[in-house]
Amino acid sequence: MTGKARITLTVNGEPFEAEVEPRMLAADFLRDELGLTGTHVGCEHGVCGTCTIMMNGVSARSCLMLAVQLDGAEVQTVEGLGTIRDMHRIQEAFHEHHALQCGFCTPGFLMTVCDILESLPLRTDAEIRDALSGNICRCTGYDHIVKAVRTLVDERDGAAS
Amino acid sequence: MMKPVAFEYVRPETLAEAVTALDHDDARIIAGGQSLLPMMNFRLVQPERLVDINRITELERIERTKTGLRIGALTRHANAARDPLLAEHFPIVAEAMGHVAHVAIRNRGTVAGSLCHADPSAEWPLLVTLLDGEIEILGSDGHRSAEPSEFFLAPLVTDIEEQELVTGVHLPLPAGPSGMAFEEVAQRAGDFAVVAAGAMVRVENDTFAEVRLGLGGVFDTSVRARALEGALTGQRARAEELEAALPLAIEDLEPNDDLHASADYRLSLVPVLARRALIRALHRATQ
Ligand SMILES: Cc1cc2nc3c(=O)[nH]c(=O)nc-3n(C[C@H](O)[C@H](O)[C@H](O)COP(=O)(O)OP(=O)(O)OC[C@H]3O[C@@H](n4cnc5c(N)ncnc54)[C@H](O)[C@@H]3O)c2cc1C
Ligand code: FES
Ligand code: FES
């Protein structure tokens with residue numbers, strides 16, 4: 001059937017139930033149906049990374065997923081990280097290092113960093129750049145983003161040893 | 001604005017249900033969606049029915065067989081990169097996965113999706129060509145398998161029939177201890193390769209018992225440099241012998257000019273990458 005499909009999912013810890021057209025992209029569902037406009041949409045073909053979310057513990061492009069595919073999933077968006085008064089440590093590090101200017105790319109970077117801090121060793125700055133290569137920023141020139149991530153990696157590894 | 005046109009969405013839980021769901025004039029499988037959804041967003045592809053195979057969990061396994069490893073169709077690039085069985089027997093897979101797209105795309109994109117998309121610069125088709133893999137296919141008439149040379153027909157064209165799906169790929173273990181290495185040049189990290197080279201070397205009694213060189217980005221499909229492989233087999237296992245055979249690597253190649261690189265540039269990269277891959281593979285084979 002081309003008709004609507006019923007999905008249940010949790011977004012930032014909150015349960016949701018919705019009816020969606022199969023062709024609706026996950027990014028549009030989060031933004032237009034749930035009003036979570038922190039997830040941005042740039043290229044809609046997987047290249048820019050600004051739509052990156054966490055799904056079931058790993059990062060994913062929400063422009064390359066359908067809303068129906070979120071059925072049963074645990075989703076985290078940038079809104080679930082922190083607030084202006086109570087920032088997540090990743091957001092603080094971006095703030096401290098001036099790792100954003102216009103901010104359009106930032107939600108995607110933050111969600112990517114959530115993933116790579118968990119999944120990759122990131123021993124060198126070259127490895128950090130490689131891990132961030134799926135997110136495009138037109139403003140910062142990347143240096144400050146790499147510095148923010150370096151700080152986070154050092155904190156992570158210091159805590160571990 | 002780019003959105004897919006309307007389609008019917010079907011989500012089988014078993015292989016049998018998937019084969020039934022594919023019995024339709026215009027059905028398309030979605031696996032990771034990392035190549036298909038961009039094409040649907042651009043409306044280059046407008047299937048009437050989308051068959052989502054992501055719930056068929058039996059397709060996610062990587063297992064040992066008597067003669068090799070079987071990689072399930074739905075194995076994600078990221079999981080292949082950290083799988084212990086693959087790391088033990090085919091460490092070249094993790095090396096190559098570092099060149100496939102970016103973190104979020106590797107979390108979602110699948111082995112069979114990449115094989116069926118059949119981009120001539122993609123890493124999985126090259127690996128399966130290099131490693132003499134067998135592609136396992138299921139259709140309404142049952143199971144069959146295809147060798148890479150039968151499966152990859154042209155850029156983005158494979159031997160898959162409309163009602164078939166790839167269930168996995170079988171990689172036979174090399175006949176003895178071997179060394180493997182992967183090299184690639186792309187414009188930026190995660191871009192499709194301009195040229196990629198994979199090498200496998202087996203040494204017995206100080207001679208090359210077997211040499212394989214696979215190339216991507218230089219022909220309609222991934223290819224093996226058979227002339228070079230044949231010339232080196234039986235030679236003394238030395239870097240100088242590899243160097244001397246390099247001109248054979250570009251025999252019969254017909255790269256295309258495109259947005260990313262000219263045909264000449266691609267051809268000039270072949271001996272450079274072939275050399276690096278072969279020498280590292282030789283080094284690993286003799287360690
Ligand atoms: C920005 C970007 C960069 C990328 N860079 C690279 C790169 O450097 N190297 C690289 O190799 N890839 C790259 N990719 C593509 C990525 O690897 C895809 O994951 C892969 O090509 C397709 O796998 P998928 O599981 O996402 O397949 P899908 O997109 O779901 O499907 C692709 C095609 O295969 C068919 N199909 C899928 N599974 C099966 C099956 N089991 N049986 C039969 N047919 C099937 C589909 O119907 C469709 O026609 C990139 C993608 C993006 C968006
Ligand atoms: S909008 Fe998804 S990657 Fe650009
Ligand atoms: S801060 Fe403007 S695009 Fe990155």
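The values are calculated or read from the model by the stated rules, or taken from the named source; none is laboratory data. The shown structure was predicted, so the numbers you read here are calculated from the model rather than taken from an experiment. Counting neighbours? That spans all protein chains shown, and the Cβs are built from the backbone with ideal geometry, glycine included. The area values use the complete protein model at the heavy-atom level, side chains included, leaving out ligands, DNA and RNA. Shrake-Rupley method; radii C 1.70, N 1.55, O 1.52, S 1.80 Å.
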One point scatterer per Cα, no solvent, Debye formula: log10 I(q)/I(0) for the range B:133-211 at q = 0.11, 0.15, 0.18, 0.21 Å⁻¹ comes out as -0.48, -0.80, -0.96, -1.03
Any trypsin sites (Lys or Arg not before Pro) in the range B:186-235 that lie in a DSSP loop and have at most 13 other Cβ atoms within 10 Å would be B:Arg188
About its Cα centre, chain B carries a charge dipole, from +1 on Lys and Arg Cβ atoms and -1 on Asp and Glu Cβ atoms, whose size in debye to the nearest 20 is 1080
Semi-axes (Å, rounded, descending) of the ellipsoid equivalent to the range A:1-98 per its C-alpha gyration tensor are 25, 15, 10
Longest principal axis of chain B (C-alpha) makes with the long axis of helix B:263-285 (C-alpha) an angle, in degrees to the nearest 10, of 70
Largest-first ranking of B:His77, B:His99 by accessible area, probe 1.4 Å, whole protein assembly kept, is B:His99, B:His77
Quick shape summary for the range B:88-152, equivalent ellipsoid via Cα gyration tensor, semi-axes whole Å in descending order, reads 22, 14, 11
Expressed in Å to one decimal, the Kirkwood Rh of chain B from all distinct alpha-carbon pairs is 19.5
Measuring from its Cα centre, the range B:201-287 shows a charge dipole (+1 at each Lys and Arg Cβ, -1 at each Asp and Glu Cβ) which, in debye to the nearest 20, is 460
Computed about the Cα centre, the charge dipole of the range A:44-161 from +1 Lys/Arg and -1 Asp/Glu charges at the Cβ has a magnitude in debye, to the nearest 20, of 240
In whole Hz, the Karplus estimates of ³J(HN,Hα) for the range B:52-61 (6.51, -1.76, 1.60; θ = phi - 60°; x where Gly or Pro) are 8, 9, 5, 8, 8, 5, 5, 7, 9, 7
log10 I(q)/I(0) for the range A:89-157, Debye formula on C-alpha points only (no solvent), q = 0.15, 0.20, 0.21, 0.22 Å⁻¹, two decimals, reads -0.38, -0.71, -0.79, -0.88
Surrounding charge for B:Ser178, neighbours by C-beta under 13 angstrom, Lys/Arg +1, Asp/Glu -1, total 0
Residues whose modelled amide H sits under 5 Å from the amide H of A:Gly42, counting only those 5 or more places away in sequence or on another chain, are A:Thr50, A:Cys51
Computed over chain B, the relative contact order (Cα-Cα under 8 Å, seq sep at least six) in percent reads 15
Correct response: the longest run of chain B lacking exposed GluC sites (Glu not before Pro), defined by DSSP loop and at most 13 other Cβ within 10 Å, is B:14-160
Any trypsin sites (Lys or Arg not before Pro) in the range A:55-154 that lie in a DSSP loop and have at most 10 other Cβ atoms within 10 Å would be A:Arg85, A:Arg123
Binned at 10 Å from zero, the C-alpha pair distances of the protein assembly as shown give percents of 4, 20, 28, 26, 16, 5, 1, 0
With the 8 Å Cα cutoff and a minimum separation of six or more residues, chain A has a relative contact order in percent of 23
Quick calc of log₁₀ I(q)/I(0), the range B:41-159, Debye, one scatterer on every Cα, no solvent, q values 0.19, 0.22 1/Å, result -1.19, -1.58
Placing +1 on each Lys and Arg Cβ and -1 on each Asp and Glu Cβ in the protein assembly as shown, then taking the dipole about the Cα centre, the residue among B:Ala209, B:Pro155, B:Thr20 whose Cα reaches farthest towards the positive end is B:Ala209
